[in-house]
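Please see the structure below; I have some questions.
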Amino acid sequence: MQVSTDTLVEMLREVEAEDPIDYADLPFGEEELRRLVMSALVELHHVVEEGMPASDIHALYLLSTAKLVLENTVLHARLLLLQGQRVDVQSLFAPFTLKGRR
């Protein structure tokens with residue numbers, strides 16, 4: 001990986017601007033959390049990159065992304081239900097699709 005952690009944090013901030021995350025009143029800063037998450041992922045990437053073929057790395061990243069999208073969708077649905085709102089899975093999933101980004 002040739003991109004610095006600082007650059008990746010900035011890119012994450014730009015991606016997040018399109019679909020903001022509501023940090024509400026969490027007991028830590030947004031920037032601190034972004035940097036912590038990105039640093040951990042970069043470190044993990046370097047470890048994985050050394051010992052796995054590229055096709056396995058791609059599969060690992062797809063599985064990791066799928067787990068995060070699934071978890072995010074479930075948490076969002078639970079939040080909507082707690083607020084007494086109707087849950088539509090297609091609407092929940094739209095931000096994670098190319099079709100939903102247009």
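The values are calculated or read from the model by the stated rules, or taken from the named source; none is laboratory data. As the structure is a prediction and not an experimental result, all values here were calculated from the model. Cβ placement follows ideal geometry from the backbone for every residue including glycine, while neighbour counts extend to all protein chains displayed.
Within segment 76-93, work out how many residues are surrounded by 10 or more Cβ atoms within 10 Å (Cβ to Cβ) and either closer than 17 Å to residue 22 by Cβ or over 17 Å from the mean Cα position of the chain (by Cα) (or both).
Count: 11.
So, in segment 38-93, of the ones that are in contact with a Ser or Thr (Cβ under 7 Å, 6 or more places away or on another chain) and in the same structural domain as residue 3 (by TED's automatic domain parsing), which residue ends up farthest from residue 6 (Cα to Cα)?
42
With respect to residue 73, determine if the residue is surrounded by 12 or more Cβ atoms within 10 Å (Cβ to Cβ) and not small (Gly, Ala, Ser).
Judged against the criteria, residue 73 is a match.
Also, quick follow-up: So which residues in segment 48-70 are loosely packed, with under 10 Cβ neighbours inside 10 Å and either assigned to a helix (DSSP H, G or I) or touching a Pro at 6+ places or on another chain (Cβ under 8 Å) (or both), if there are any at all?
50, 51, 54, 55
Now, a different point. Taking the residues in segment 26-43 that are over 15 Å from the mean Cα position of the chain (by Cα) and part of a helix (DSSP H, G or I) as candidates, determine which candidate is nearest to residue 61 (Cα to Cα).
43
Right, another one. Would you be able to tell me the number of residues in segment 1-25 that are touching a helix residue (DSSP H, G or I) at 6+ places or on another chain (Cβ under 7 Å) and in a helix (DSSP H, G or I)?
Summing the residues that are touching a helix residue (DSSP H, G or I) at 6+ places or on another chain (Cβ under 7 Å) and in a helix (DSSP H, G or I) in segment 1-25 gives 5.
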